[in-house]
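These notes concern the structure reproduced below.
The values are calculated or read from the model by the stated rules, or taken from the named source; none is laboratory data. Bear in mind that the values here come from a model prediction, so they are computed numbers and not experimental data. With ideal geometry, Cβ positions are generated from the backbone for all residues, glycine too; neighbour counts draw on all protein chains shown.
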Amino acid sequence: MTRPPLPVGEPTECGEDDPRMDARPVDQYEVVDVAIVAESTYPSLKGGVSAVIHDIIVGNPDVTFGIVHIAWDAATSKRDLYGMPANVKWVYYVYLSMEEHREDFMLLTPKSMGMRGGELETLAHRLFDALAGIPRGEYEQFWDLYDEGVNPRTRTYSIWPILGSREFMAAAMDRLEGLGLPFTDTFWLLREFFSLAYAILSAEVPRARVYHAHTTGYASVLGSVGARQNGTKFLLTEHNLYIRDTVNTLLDRSLALPLTDRDWRAFDVPPKQRAWMAWWIEMGHLCYPSAEVITYLYPAAITEAADLGSPIEKSTIVPNGMHVEVFDDAYSQRKSAEVAIGAAAPDRCWKLAYIARVVPIKGLIDLISSIELLVKRGVGSFHLDVLGPTDHAPEYYERCREKVHALGLDDHITFKGTVAVRDLLGEIDVLVLPSYNEGQPIVVLEAMTAGIPVVATDVGGMAQLISDSLVTADGESWHACGPLVGPGDIPAMADALERVMDDRAAYAEYARQARGRVKHFFQLDDVLDSYRQLYCELGDLALVGPRDPVHANKAAMESIYADAPVGTDSEGMRPLDPVEAVLAAIDLLYGELRSLRPVDPFDPAETTRLSVEFSELAAEVDESPQESEEPARLIA
């Protein structure tokens with residue numbers, strides 16, 4: 001299905017008077033095909049996730065969308081930075097701050113429940129029992145209690161006033177004995193947790209046929225709640241592993257480090273940090289199973305998320321993509337530049353670009369040290385432009401500027417702030433991304449589509465984008481479009497940049513591979529068709545165009561696992577249904593990640609055998625000796 005390309009350059013900013021953003025009673029919101037649920041992103045904050053959401057909306061003009069926007073409080077900007085198209089029917093705001101819920105949460109009293117002491121005690125223990133079931137994979141108690149005392153469509157009372165009862169606090173001190181906090185600290189910690197839970201769980205969500213959350217955490221809770229309230233389906237997309245990244249940030253760990261759902265019990269951390277670890281990890285345990293399908297950007301993310309409780313059998317790959325023709329002008333500029341680079345003198349000045357927010361996770365301060373090493377080695381014919389917002393972490397930005405000046409690198413590094421990146425791509429020789437954490441960055445795909453080599457760190461889905469060999473269905477191989485180095489490895493980054501600038505033949509080949517990889521494996525139309533077919537299947541939508549369920553994810557899977565024709569059975573006789581298509585992909589994933597055997601075409605019997613083998617392996621891991629949980633009996 002052909003779709004119009006997205007416009008080149010930054011989207012037009014719109015004002016805050018768009019009536020679609022106005023608050024009104026929930027029954028006055030139009031029923032839409034898909035409600036996009038996201039936290040502090042589209043349409044009021046620019047970034048990779050917002051760009052993907054906008055692409056999905058623009059690329060499916062016959063699908064109606066609503067936006068459920070989770071923000072901290074009502075002071076959040078309601079400026080539309082993307083120019084939402086007409087198929088976005090409304091934006092519905094949900095606020096997390098306790099101050100936004102004073103009347104309906106903070107001022108509630110136990111008397112309003114009309115329950116006696118014994119009833120309150122029983123209810124308090126039911127609540128803790130429901131929470132205790134989540135780590136064990138027992139969700140029925142939680143959702144039953146939700147429908148009974150929280151769900152605005154079904155509740156017979158409000159459960160929230162119980163937090164102020166003696167019965168609840170007595171139960172809390174009994175059930176949270178292992179937390180190791182004094183009574184007052186426990187009370188305020190629970191107050192904070194339950195106020196956040198109230199903000200999400202008590203929201204009455206406008207009706208949609210599919211709720212599509214773009215992270216775990218609060219967005220996935222609200223997506224699952226919306227689907228439950230309205231009897232529809234919940235689709236979850238992980239652009240990165242939100243829970244892992246949030247917990248690593250909480251603990252001030254490197255975002256490149258893995259995390260498992262057992263770590264909140266095992267880590268040697270203070271009680272409050274342990275409680276917050278449990279909060280985030282068990283939120284994932286609750287939400288992952290609520291999704292009908294979970295999409296990830298790259299294969300390794302499936303196994304990483306499985307360590308956090310995500311069910312592998314619901315997981316599939318939908319990568320990011322580009323409209324290649326949008327970048328034809330920049331690509332033409334780059335082709336001319338390649339000729340000039342090949343003929344230029346050895347001291348030609350290379351144009352390097354860092355394109356990202358100036359925040360610690362993006363590793364700019366490491367790159368500055370790598371630039372210093374290059375200059376010390378006598379490599380001086382280059383200039384690095386730092387392009388991206390500088391106001392997200394002002395102290396870090398100042399540290400970077402001060403370091404550049406202190407090292408005498410002002411002639412080699414310039415901070416230019418936020419710019420229209422697509423307008424400048426034709427002028428960039430090399431994109432440099434020294435991040436500690438990435439999913440599948442849109443800016444990297446944009447640079448690759450323009451034929452720009454990339455020097456980056458080997459984190460998240462970067463290997464799939466940059467360095468993994470990919471094979472098309474007809475056997476054509478595509479190789480690296482630049483070198484990857486370990487995150488934080490300052491000498492290795494300097495070495496990689498020096499090699500790219502020193503070997504002009506290799507540079508030209510990197511440029512060729514960059515464009516080819518996007519053209520053959522990361523086409524936006526294929527990505528949009530994958531989401532479109534998921535919407536059709538989950539929402540029972542009768543949309544114009546082909547409704548081939550196998551096409552959802554088929555192109556992406558064939559790109560990554562070219563040895564197996566996903567989309568037909570083992571004899572090539574019939575199309576697979578959506579469940580079989582996912583199993584086919586997982587079969588191949590097992591083979592690749594566990595090195596079980598060479599990848600063969602899909603065989604249902606073999607898939608079943610591998611699924612059983614995987615389950616047995618998981619059981620063995622679960623039954624093996626683990627770190628003691630005694631120091632962290634948060635919920636007994």
- request: Would you mention how many residues in the stretch 347-368 are farther than 27 Å from Ala508 by Cα and not aliphatic (A, V, I, L, M)?
  value: 2
From the options Arg155, Arg175, residue that is touching a helix residue (DSSP H, G or I) at 6+ places or on another chain (Cβ under 7 Å), charged (D, E, K, R), at pLDDT below 90 and surrounded by 14 or more Cβ atoms within 10 Å (Cβ to Cβ): Arg175
statement: Counting only residues in the stretch 461-500 that are small (Gly, Ala, Ser), in contact with a strand residue (DSSP E or B) (Cβ under 6 Å, 6 or more places away or on another chain) and assigned to a helix (DSSP H, G or I), the one surrounded by the most Cβ atoms within 10 Å (Cβ to Cβ) is identified as Ala496
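Criterion first (assigned to a strand (DSSP E or B), crowded, with 20+ Cβ neighbours inside 10 Å and free of Cβ contacts under 8 Å to residues at least 40 places away in the same chain) does Ile57 satisfy it? Before the answer, list the steps.
Numbers: assigned to a strand (DSSP E or B): no; crowded, with 20+ Cβ neighbours inside 10 Å: yes; free of Cβ contacts under 8 Å to residues at least 40 places away in the same chain: yes.
So Ile57 does not fit the description; no.
Considering the stretch 233-288 alone, what residues qualify as being outside any helix (DSSP H, G or I) and under 20 Å from Glu138 (Cβ atoms)?
Just the residues of the stretch 233-288 that are outside any helix (DSSP H, G or I), to begin with: 233-241, 251-262, 267-270.
Scanning the stretch 233-288 gives Phe234, Thr260, Asp261, Arg262.
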- line: Picked from the stretch 467-478 (must be under 26 Å from the mean Cα position of the chain (by Cα) and without any contact (Cβ under 8 Å) to a residue 40 or more places away in the chain), the residue nearest to Tyr510 (Cα to Cα) is Ser467
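Which residues, taken from the stretch 1-28, are assigned to a loop (DSSP other than H, G, I, E, B) and at pLDDT 80 or above? Spell out the reasoning first.
Kept after step one, since they are assigned to a loop (DSSP other than H, G, I, E, B), are these residues of the stretch 1-28: 1-18, 22-25.
Once the filter is applied, which keeps residues that are assigned to a loop (DSSP other than H, G, I, E, B) and at pLDDT 80 or above, the stretch 1-28 yields Asp18, Asp22, Ala23, Arg24, Pro25.
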message: Could you list, ordered by first residue, the pairs with Cβ atoms under 6 Å in which the first is in the stretch 137-151 and over 14 Å from Leu286 (Cβ atoms) and the second is buried (at least 18 other Cβ atoms within 10 Å of the Cβ) and not hydroxyl-bearing (Ser, Thr, Tyr), at least 6 apart or interchain?
response: Gly149/Ile159
- request: Just give me the residues in the stretch 98-136 being surrounded by fewer than 16 Cβ atoms within 10 Å (Cβ to Cβ) and in contact with an Asp or Glu (Cβ under 7 Å, 6 or more places away or on another chain), in sequence order.
  value: Glu99, Gly117
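Taking the stretch 60-75 only, how many residues are buried (at least 19 other Cβ atoms within 10 Å of the Cβ) and of a type in the set (A, V, I, L, M, F, W, C)? Reasoning before the result, please.
The initial filter retains those residues of the stretch 60-75 that are buried (at least 19 other Cβ atoms within 10 Å of the Cβ), namely 60, 63-71.
Filter once more, so that each one left must be of a type in the set (A, V, I, L, M, F, W, C): 63, 65, 67-68, 70-71.
Residues flagged as buried (at least 19 other Cβ atoms within 10 Å of the Cβ) and of a type in the set (A, V, I, L, M, F, W, C) within the stretch 60-75 amount to 6.
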task: Please state which of the following conditions Leu352 fails to meet, knowing it meets all the rest: (1) among the hydrophobic types (A, V, I, L, M, F, W, C); (2) surrounded by 19 or more Cβ atoms within 10 Å (Cβ to Cβ); (3) assigned to a helix (DSSP H, G or I).
output: (3)
Failed item in (1) of a type outside the set (A, V, I, L, M); (2) within 30 Å of Val324 (Cβ to Cβ); (3) at pLDDT 95 or above, with Asp62 passing the rest: (3)
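Please enumerate the residues belonging to the stretch 338-367 that are more than 22 Å from Gly460 (Cα to Cα), among the hydrophobic types (A, V, I, L, M, F, W, C) and at pLDDT 95 or above.
Taking the stretch 338-367 first, the residues more than 22 Å from Gly460 (Cα to Cα) are 338-352.
Narrowing the set further to residues that are among the hydrophobic types (A, V, I, L, M, F, W, C) leaves 339-341, 343-345, 349-350, 352.
Selection gives Cys349, Trp350, Leu352.
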- line: Inside the stretch 339-375, the number of residues satisfying the requirement of being acidic (Asp, Glu) and out of contact with any Asp or Glu (no Cβ under 9 Å at 6 or more places or on another chain) is 2
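The rows are residues; the columns are (1) over 20 Å from the mean Cα position of the chain (by Cα); (2) over 24 Å from Pro319 (Cβ atoms); (3) touching a residue at least 60 places away in the same chain (Cβ under 8 Å).
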| site | (1), (2), (3) |
| --- | --- |
| Val52 | no, no, yes |
| Asp62 | yes, no, yes |
| Gly66 | no, yes, yes |
| Ile70 | no, yes, yes |
| Ala75 | yes, yes, no |
| Lys78 | yes, yes, yes |
| Met84 | yes, yes, yes |
| Lys89 | yes, yes, yes |
| Tyr95 | yes, yes, yes |
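Mind telling me which of the residues Ala213, Ala208, Ala199 ends up being among the aliphatic types (A, V, I, L, M) and outside the structural domain of Val293 (by TED's automatic domain parsing)?
Values: Ala213 fails: outside the structural domain of Val293 (by TED's automatic domain parsing); Ala208 fails: outside the structural domain of Val293 (by TED's automatic domain parsing).
Ala199 is the lone residue from the list that is among the aliphatic types (A, V, I, L, M) and outside the structural domain of Val293 (by TED's automatic domain parsing).
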query: Do the conditions hold for Asp245, that is, is it within 16 Å of the chain's Cα centre (by Cα) and within 25 Å of Gly460 (Cβ to Cβ)?
result: yes
message: Given the criterion free of Cβ contacts under 8 Å to residues at least 60 places away in the same chain and in contact with a strand residue (DSSP E or B) (Cβ under 6 Å, 6 or more places away or on another chain), identify the matching residue among Leu236, Leu250.
response: Leu236
message: Can you pull out every residue in the stretch 299-326 that is part of a loop (DSSP other than H, G, I, E, B) and over 19 Å from Arg136 (Cβ atoms)?
response: Val318, Pro319, Asn320, Gly321, His323
field: Long-range neighbours under 8 Å by Cβ, at least six apart or interchain, first residue of a type in the set (Phe, Trp, Tyr) within the stretch 335-350, second assigned to a loop (DSSP other than H, G, I, E, B)
entry: Trp350/Ser381; Trp350/Asp429
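Being part of a loop (DSSP other than H, G, I, E, B) and hydrophobic (A, V, I, L, M, F, W, C) is the filter here, so list the residues in the stretch 60-85 that pass it.
First, pick out the residues of the stretch 60-85 that are part of a loop (DSSP other than H, G, I, E, B): 60-64, 72-85.
The answer is Val63, Trp72, Ala74, Ala75, Leu81, Met84.
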task: Given the conditions (1) modelled with pLDDT of 95 or more; (2) within 25 Å of the chain's Cα centre (by Cα), report the number of the one that Val31 does not fulfil.
output: (2)
task: State the number of residues belonging to the stretch 363-400 that are closer than 22 Å to Ala420 by Cα, among the hydroxyl-bearing types (Ser, Thr, Tyr) and in contact (Cβ under 8 Å) with a residue 40 or more places away in the chain.
output: 0
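Condition check: buried (at least 17 other Cβ atoms within 10 Å of the Cβ), among the basic types (Lys, Arg) and either modelled with pLDDT of 95 or more or in contact with a Gly (Cβ under 6 Å, 6 or more places away or on another chain) (or both). Does Lys78 satisfy that? Let's see the steps before the verdict.
Numbers: buried (at least 17 other Cβ atoms within 10 Å of the Cβ): yes; among the basic types (Lys, Arg): yes; either modelled with pLDDT of 95 or more or in contact with a Gly (Cβ under 6 Å, 6 or more places away or on another chain) (or both): no.
It is false that Lys78 is buried (at least 17 other Cβ atoms within 10 Å of the Cβ), among the basic types (Lys, Arg) and either modelled with pLDDT of 95 or more or in contact with a Gly (Cβ under 6 Å, 6 or more places away or on another chain) (or both).
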